[in-house]
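Report on the structure given below.
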Amino acid sequence: MIETLGDDFFTEPQVYYRRWREHGPVHRVSFPDGIPRWIVVGYPEGRAALADPRLHKDATGLVELFRHKRADQHVNSQESLLTAHMLNTDPPDHTRLRKLVGKAFAPRQIAGLRPRIEQIATDLLDRLAGRDRFDLLAEFAVPLPITVICELLGVDLADRDTFREQTALLLSTGARSPDTVRAAEQMSAYMWNLVQDKTTHPGNDLLSAIQAPGDDGDRLSETETVSMAFLLLVAGHETTVNLIGNGVLALLRDETRWDALRADPARVPVAVEEFLRFDSPVNVSTLRFTTEPMTIAGVEIPPGELVQIALSGANHDPAHFAAADDLDLTGDATGHLAFGHGIHYCVGAPLARLEAQIAFTALLQHFPRLRLDADVRTLRYHHSTLIRGLTELPVSLGE
């Protein structure tokens, strides 16, 4: 029997993962768009699947598969323009695209951004110092990474509210609607105009840099640049927003955890890895599909099937992580799958880690008595299987 996800999945996905894991690491599930997927919830099976070349990610193949499964799920050219990036490609195309942008996200390059990110974090928190309570997401967790990625890409910060709203629609789960189609069209037009402007007036920014030829003379086409710009803009802030929000909530559910980390801020980098494992900002991986029969954990998956790895579920597999459902700020979260695994491992992971480490260090220093200002049962999450993130996080300074 195929289980259909209920609305409670978005609030408490671990309830589902625990139930499924009792009956094995692989399950067929019906998603809100009506298209069934095979979901991998076990850690070793999920890690292996993320790196398995038999699970394809080619955007053209995915579009054809969706068209076969749901004729009414037509994808127009504007929407396709946003999905033809390296996250939706297989080798050798993926190898080529990743090579052209990978240097910009090397740990040494990202480390050089530390002073500027620290300044942005300090400025945001200084503005909040006189407030008794505020929404930590809207006032800090969202503007910090958006400001960073806009400056890095050379995007006008004044446009952030527009593309943030469009991103939320595009990442939502469910059947396509006129609103999501319109958001895709508007985002496509925005990114296309942005790339055109960078082509004509290149600047000292990443978006201008990735248009330059590589060492071997290869370069991104216009279409590839638009898709890559969209990926970097969206993924470059959305993961960090939810890493900060989910991590702060995890701490404030038990105020002693916040106080313990404040007393030992040197443990912030370790804590960030535990936040990534405990409440992963990406819940379920992006889509993969089979072109031949394959078996995962004794379950045969036919060709032409969609497969996704429950990153958050795998990160709570008790067979791999001791006390997997507990937040352990002194534990070892090494090997978590929050950023994926294999050739599609998140290229922006060094930036997300740095931003989160700076964010938590700054919060602990500026607001040592930060407290949750809402009943945790009233908090709401975005209606997305891909992204795991709150819609708001009310806090007080607890002075």
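Please treat every number below as a calculation from the coordinates, not as lab data. Nothing here was measured: the structure is a model prediction, and the numbers come from that model. When we count neighbours, we look across all protein chains shown, and the Cβ atoms used for this are built from the backbone with ideal geometry, even at glycine.
List every DSSP H helix in the chain whose Cα atoms extend 24 Å or more along the helix's own long axis and whose mean Kyte-Doolittle hydropathy is at least -1.0.
178-200, 222-252, 349-366
Between exposed trypsin sites (Lys or Arg not before Pro) in the chain, where DSSP calls loop and at most 13 other Cβ atoms lie within 10 Å, what's the longest gap?
1-130
Please list, by residue number, everything in the range 273-301 whose backbone N is under 16 Å from a paramagnetic label point 7 Å out along Cα→Cβ of ALA319.
Inside the label zone: 295-300.
With N denoting the number of residues in the range 192-287, provide Rg(C-alpha) divided by 2.2 N^0.38 Å, to two decimal places.
1.55
Calculate the FRET efficiency for ARG253 and VAL299 from the Cβ-Cβ distance with a Förster distance of 41 Å, rounded to the nearest 0.05.
Between ARG253 and VAL299 the formula returns 0.70.
At a Förster radius of 56 Å, what calculated FRET efficiency corresponds to the Cβ-Cβ distance of ASP326 and GLN196, to the nearest 0.05?
So the FRET efficiency works out to roughly 0.65.
In the range 1-47, which GluC sites (Glu not before Pro) are in a loop and have at most 14 other Cβ atoms within 10 Å, using DSSP for the loop call?
Loop-located and lightly packed - GLU22.
Can you give the Rg to Rh ratio for the chain, taking only C-alpha atoms and Rh from Kirkwood?
In the chain, Rg relative to Rh is 0.95.
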